[in-house]
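Here is the structure we will look at, set down as structure tokens.
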Amino acid sequence: MWGKKQEQNRSEREFSGCGSYQSSEVWAKVTGKAVYGIDLEFPGMLYGKILRSPHPHARVKSIDLSAARAIPGVRAVLSAQDVHCNPYGIVVDDEIPLAVDRVRYIGDEVAVVAAVDQKTAERAISAIKVQYEPLPAVFNPAEALDKQAPQLHEDFPGNVAWKRDLIRGDPDTAFREADLVVEDSFSMPSVHPAYLEPIACVAVSEYGNGVTLHTALQSPDLVRGIISRALNLSSSLVRVIGPVMGGGFGGRVFGNLKLYILSSLLSIHTGFPVKMQLTREEEFTVGRPMIAAEINLKMALRRDGTILARESKIITDNGAYSAQAPWVSKTFSERNDSVYRIPNIKTRARLVYTNKVPTAQYRAYGNQSANFACESLMDQAAKKLNMDPLELRLKNCTQAGDTTVHGLEIKSCALTKCLQRAASEIGWDQRKSGRGYGISSGIHANGSLVADKNFRGASVRAALELDGRVSVFTGEQDYGQGVHAAFACIAARVLGLEPDQISVYSRDSLVTPFSQGALAMRQTTIGGRAVQLAAQELQKAIIQKASEISGEPVSLENGLLKNASGHLIELSEVATGYHRQTSGLTLVGEGKYVPPPSDYDETSYGNISVTYSFASHAAEVEIDKRTGAITVHRIVAVHDSGQIVNLLTSRGQVCGGVTQGLGMCCYEGYLFEGGRVVNSSLADYRIPTALDVPAIDHVFIETEDPEGPFGAKGMGEIVMVPVLGAIGNAVADAAGISITDLPLTAEKVYQAMSGRECAK
Amino acid sequence: MSYIIASDLNQALQILRDSKGQARVIAGATDLFLQTLPAELVDLAELYETTQLEESGGLLSIGSAVTHASAARSLLIRSKAAALAEACAMIGSPQVRNIGTIGGNVANAAPAADAAVALVALGAKAVITDIEGQTREEAVEELYAGYNRSVIDSSSEIIGRLVFKPCAAGEGSAFMRFAPRRALALPLVNVAARIRVSGRRIEAVRMVAAPVKPAPTRLFETEALLQEIIPGHEIWAKVEEAAASEVEVRGSILRCSGQYRRHLVGTLAERVLKEAYQRACASDGGET
Amino acid sequence: MKKQAINFELNGEPVEVFTEASGSLLHLLRGQLGLLGTKEGCGAGECGACTVLLDNQPVNACLVPAAKIEGKQVQTIESLSTSNTVHPLQESFVKKGAVQCGFCTPGMVLSAYALLKANPDPTPGEVKEAISGNLCRCSGYKQVEEAVLDAAEKKDQASSED
């Protein structure tokens, strides 16, 4: 059983990919042997703890570290004065490792301690004396935009962290000439990825020669760059090595930069490895949840259902510091405009600083929360037009060959088929009375130019080992979603080998090729294509070397090397032959995938991604009208993610993503009181349990994408995009009224329904 | 701190006596790490006296250290105190139910403790022994000194068991809760009822709701509506209204508004009373 | 801090440890005994990642005082596999794709293991109930449910072949 190729699931259909192969790490996980960040231990390791601000906004008048430093077992106590760091950030440099004179949210880092054990570190933290002078704080983005509001950052006057005013086409005329204009406002709270393993890291000082950071990241190479800038360390002297990751979902693209920087500082200061770990409460209060948003949406349509224009007014809540919030706000503000053909767009978006937890992102980058609003308005329009919501969508679907309103070039797209199939699977034409039904569609990019306009591809190194196995070195990260299994399948397919003859390595930034990592759903498409190209290069090199060794032409088919006379040559023979000949070199194929030229202008018009994945989800729900409680009975998820590389892991992505979408739609959301997070535990921040999850059915409509490896496209984020719209619309259908404020708790459903009863 | 697993009730009492207020008793200890630890802990989970579950002398007697899981599984409780089995089956998670105890659910004095709500509806009394060796019985609803504060002094008193009359023929009980998630969740509202019928006429009824006050709260006005009648549609509608208006409830950002909680009390009260009534009617005449 | 001796059976072997009585079973297992397969996701009994079996019953190790295990049997994930064999239930977890990030997996496997021991032929509803105290953020639980049912089926076959 160990590492063996799994039996293939042929029950549904013959898939193009390699069935259900999983990389061998799965055995370490299922037996409890996999080593995660929280499990790391090093000889001489110290434990770091952070003193955090109890105030949402205050001036730091004085910090007295002397009592903490006097405690036996304490190895370092640092405040801003003791460290020399550059401001840093992801989009803008608005953070510093320790507060200099001001704290901007409850949890802001003020001082840090390293001690021989956790308890001593905690004792030292409580011995630090800080005098604060509380300042007026602002918790609501609308209030923060007021001229009189307290200002959080000097470089961002008016508390505006990012803004966008955009017009495409002629929306004003379209709205004037429309037969129907629908309008509604929606709000979505901050949500947390809630990966099961709290973030942990161990920083190991290399004695004046940089620092090695052991922590699990989706984008270690990008984090490495930020840390080296913040710490003034030469970038090749910051090395990131990843243990196994206990869930990421976007939350570990950059993880908790502050923790990595502070543990590095402590390790450099003490000369010992320093471990730091967030508690579950800290995950919620100082981790990086996704932005909260408020959106007013207006849509213009012709009587026949043709969409003419959409206008969005958006305010997103950045919290005290900007991690990826500007990028997330951007995706929130535009991605859903490309699901349907909408020729005219008007967008006004403001990302606003408040004295609350800083924000970043979560799987699907705001695309999923905006989907809830956009797709609700589609249903409201259908109702007013007296049209079937399915028909309205089918009429406006984006198609292959389209260039969308924001300039996205759609090379492959089965959205129409996805919608039709989702409808037929859920029983759209035989909808049962007493149940509510909803349908929704989504698009998601495969990689994005937004992260770095000048870097959009990937490179991979494939090496033939002496034993004839193949090693693939990549910076693309696997944390259980199946990317490495997919890469093994891709390389195996090129080379005619079995996937278990391929090992994929990624977790050491010093030795694996640079990559942007697991963000923007880019890994299978872009990294996978680079794997394909690297395997092809290796194949060429093998054939060439084998020909040289055997002195005659050689072919490589189905993993078998044959010379002209049909004699078989073992791959290991070629590898060792080359090895001896070159005094130890390994036969290598390097693959670089450079996507076709694309660019975007100052308004962000342009083809920002290599290709796009599509999906339609449909939901069937029931409401207990007396309590408002929602039971989601079934969700059908139909996906165009191109050719499916691995059925088993793709299913895993769908079921997991849909469940997260369900959580975001019906259960989850930050609650604040005076800037303090009220629901900072897994008991109070409620993610779905096994008993909350409905039947989830999946269908893959396999288009042939020209860019992705063997026609494949990304899957990891699109899976949680349309589910919010689908459940939202199904609830509205069952309740007879749209509820526009996430999450859709029983209380909100009940209030909305009783409000409707009163209005009658 | 030292931790002693007591081997019988007398030993446990002796330790409490000797420690002069420095020791405290626990059983499942699921909430232990959420509190400040005393100098000494006396674990009651292994005592013969606190782990028995039996029917004798016309009473159901449930040892205070009986876990939620065993109570939920027990055929005796399921058949003669369905409300308690249902309540115990919904607490926390399987892991918590495997170690958390009925006595702990009462002694912790949490306002929405599921088992305690069912026990009050069933009319349960706690049998309490103190370090002087005195044993007394007190109704479960009398054990609350305030929110999360019990009148039981765990440094000098031990709840040995909980006793009540099992449901006989013509009696039925039921428990329901409304929670924002189907597992690992505290209820927004939980209710329990016990009803005795003769024919289809209600002879006795106990209706309890929480969290309304610090203790699981009897809804006397609602009960009064149902006394000595054969309930029909009109009465059930009145029951919902009466239950909702009878309670003073609080709202919170974390859970829900007071108004919605009040509404839930009404809806759940009606549902749980109907269920208990139907069970009582079904068991009348020897059916169970 | 006062330490006391605790004797118990750990994965089938008698063990004596000296540990802080006020510490949790989780810290004893992870910190003192080096059994890192038991994961800590919240430390408050709210996620199930630290599930171990105490006298064959799943419990949250973070909520159990170490001293409470005196004389009892504790079983952790490490007990189910050897260097070259895994339990059929673990095989089913892999086969059905029930393992993604894997952080909830040890606890999930033990909850399922206890279920199958007590109820060799569970319904899908019973499986969901049995794992309802184990949060998983990756899978949506569907594959976990399938894995447990698959393992139950294997057990059936094995016993009918006997």
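The values are calculated or read from the model by the stated rules, or taken from the named source; none is laboratory data. Fair warning: this is a prediction, and the values are worked out from it, not measured in the lab. Please note: Cβ atoms are built from the backbone with ideal geometry, for glycine as well, and neighbour counts cover all protein chains shown. Note: areas computed on protein heavy atoms with side chains; ligands, DNA, RNA excluded. Shrake-Rupley method; radii C 1.70, N 1.55, O 1.52, S 1.80 Å.
Under the condition of being among the hydrophobic types (A, V, I, L, M, F, W, C) and modelled with pLDDT under 95, which residue from the stretch A:614-650 is nearest to A:Ile443 (Cα to Cα)? My answer is A:Ile644.
Taken over the stretch A:272-296, the criterion of being open to solvent by 20 Å² or more (accessible area, probe 1.4 Å), assigned to a loop (DSSP other than H, G, I, E, B) and more than 25 Å from A:Ile106 (Cα to Cα) is satisfied by A:Phe272 alone.
A count restricted to the stretch A:664-693 and to residues that are of a type outside the set (A, V, I, L, M), more than 10 Å from every other protein chain (Cβ to nearest Cβ) and not in a helix (DSSP H, G or I) stands at 7.
Screening A:Asp705 on (1) out of contact with any Phe, Trp or Tyr (no Cβ under 7 Å at 6 or more places or on another chain); (2) without any contact (Cβ under 8 Å) to a residue 40 or more places away in the chain shows it passes everything except condition (2). Note on the stretch A:309-324: residues that are surrounded by fewer than 24 Cβ atoms within 10 Å (Cβ to Cβ) and over 29 Å from A:Pro87 (Cβ atoms) total 2. C:Thr82 falls short on exactly one of the conditions (1) facing chain A (nearest Cβ under 9 Å); (2) in a loop (DSSP other than H, G, I, E, B); (3) not aromatic (Phe, Trp, Tyr), and that condition is (1). The residues on offer are B:Arg78, B:Arg73, and the sole one that is among the basic types (Lys, Arg) and either within 14 Å of chain C (Cβ to nearest Cβ) or open to solvent by less than 10 Å² (accessible area, probe 1.4 Å) (or both) is B:Arg73. List pairs: first in the stretch A:72-86 and closer than 11 Å to A:Ala124 by Cα, second open to solvent by less than 20 Å² (accessible area, probe 1.4 Å) and assigned to a loop (DSSP other than H, G, I, E, B), Cβ under 6 Å, 6+ apart or cross-chain? Hits for this filter: A:Val77/A:Leu65. A residue that is buried (at least 24 other Cβ atoms within 10 Å of the Cβ), part of a helix (DSSP H, G or I) and over 25 Å from the mean Cα position of the chain (by Cα) can be found somewhere in the stretch A:425-448.
If B:Glu234 satisfies every condition in (1) under 20 Å from the mean Cα position of the chain (by Cα); (2) more than 14 Å from every other protein chain (Cβ to nearest Cβ); (3) of a type in the set (Asp, Glu) but one, which is the exception? Against the list (1) under 20 Å from the mean Cα position of the chain (by Cα); (2) more than 14 Å from every other protein chain (Cβ to nearest Cβ); (3) of a type in the set (Asp, Glu), B:Glu234 comes up short only on (1). Within the span defined as the stretch C:147-158, every residue fails to be surrounded by fewer than 24 Cβ atoms within 10 Å (Cβ to Cβ), of a type in the set (D, E, K, R), without any contact (Cβ under 8 Å) to a residue 24 or more places away in the chain and within 14 Å of chain B (Cβ to nearest Cβ).
Taken over the stretch B:254-286, the criterion of being over 15 Å from B:Arg177 (Cβ atoms), outside any helix (DSSP H, G or I) and in contact with a Leu (Cβ under 9 Å, 6 or more places away or on another chain) is satisfied by B:Leu254 alone. Taking into account only those residues within the stretch B:260-288 that are at pLDDT below 95 and out of contact with any strand residue (DSSP E or B) (no Cβ under 7 Å at 6 or more places or on another chain), which is nearest to A:Arg676 (Cα to Cα)? The extreme case among them is B:Thr288. Being in the same structural domain as A:Ser609 (by TED's automatic domain parsing), buried (at least 23 other Cβ atoms within 10 Å of the Cβ) and closer than 30 Å to A:Ala99 by Cβ is a description that does not apply to A:Tyr353.
To keep it simple, each residue is scored yes or no on (1) open to solvent by less than 10 Å² (accessible area, probe 1.4 Å); (2) modelled with pLDDT of 95 or more; (3) out of contact with any His (no Cβ under 9 Å at 6 or more places or on another chain); (4) farther than 23 Å from A:Gly559 by Cβ.
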position: A:Ala492; (1), (2), (3), (4): yes, no, yes, no
position: A:Arg507; (1), (2), (3), (4): no, no, yes, yes
position: A:Leu510; (1), (2), (3), (4): no, no, yes, yes
position: A:Arg522; (1), (2), (3), (4): yes, yes, yes, yes
position: A:Val531; (1), (2), (3), (4): yes, yes, yes, no
position: A:Gln536; (1), (2), (3), (4): no, yes, yes, no
position: A:Lys540; (1), (2), (3), (4): no, yes, yes, no
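Residue-level check: of (1) open to solvent by 20 Å² or more (accessible area, probe 1.4 Å); (2) in contact with a Lys or Arg (Cβ under 9 Å, 6 or more places away or on another chain), C:Gly102 misses just (1). Going by the conditions given, is B:Leu254 open to solvent by less than 10 Å² (accessible area, probe 1.4 Å), within 10 Å of chain A (Cβ to nearest Cβ), under 29 Å from A:Gly669 (Cβ atoms) and not hydroxyl-bearing (Ser, Thr, Tyr)? No; evaluated as a whole, the condition is false for this residue. The test for being at the interface with another protein chain (Cβ under 8 Å from one of its Cβ atoms), assigned to a helix (DSSP H, G or I) and not β-branched (Val, Ile, Thr) holds for C:Ala67.
From the residues in the stretch C:55-64 that are out of contact with any strand residue (DSSP E or B) (no Cβ under 6 Å at 6 or more places or on another chain) and facing another protein chain (nearest Cβ under 7 Å), which one is surrounded by the fewest Cβ atoms within 10 Å (Cβ to Cβ)? Per the criteria, the residue is C:Gln57. Going through (1) of a type in the set (S, T, N, Q); (2) touching a residue at least 60 places away in the same chain (Cβ under 8 Å); (3) more than 28 Å from A:Glu281 (Cα to Cα) one by one, C:Asn60 falls short only on (3).
Screening A:Gln277 against (1) more than 14 Å from chain C (Cβ to nearest Cβ); (2) touching a residue at least 40 places away in the same chain (Cβ under 8 Å); (3) under 25 Å from the mean Cα position of the chain (by Cα) leaves a single unmet condition, (1). When the stretch C:1-36 is limited to residues that are of a type in the set (S, T, N, Q), part of a strand (DSSP E or B) and open to solvent by less than 50 Å² (accessible area, probe 1.4 Å), the one that is farthest from the other protein chains (Cβ to nearest Cβ) turns out to be C:Thr19. Go through (1) under 26 Å from B:Gly57 (Cα atoms); (2) away from chain C (no Cβ under 14 Å) for B:Ser150 and report which single condition fails. Evaluating B:Ser150 over (1) under 26 Å from B:Gly57 (Cα atoms); (2) away from chain C (no Cβ under 14 Å) leaves (1) as the failure.
For the stretch A:623-656, the set of residues classified as open to solvent by 10 Å² or more (accessible area, probe 1.4 Å), within 13 Å of chain C (Cβ to nearest Cβ) and not in a helix (DSSP H, G or I) consists of A:Val632, A:Arg634, listed by residue number. May I ask you to verify whether A:Glu620 is surrounded by 24 or more Cβ atoms within 10 Å (Cβ to Cβ) and more than 19 Å from the chain's Cα centre (by Cα)? Judged against the criteria, A:Glu620 is a match. Annotation note: Cβ proximity below 8 Å between a residue of the stretch C:37-48 that is at the interface with another protein chain (Cβ under 7 Å from one of its Cβ atoms) and aliphatic (A, V, I, L, M) and a residue that is open to solvent by 10 Å² or more (accessible area, probe 1.4 Å) and assigned to a loop (DSSP other than H, G, I, E, B) (sequence gap 6+ or interchain) occurs for C:Ala44/A:Ser681; C:Ala44/A:Ala683.
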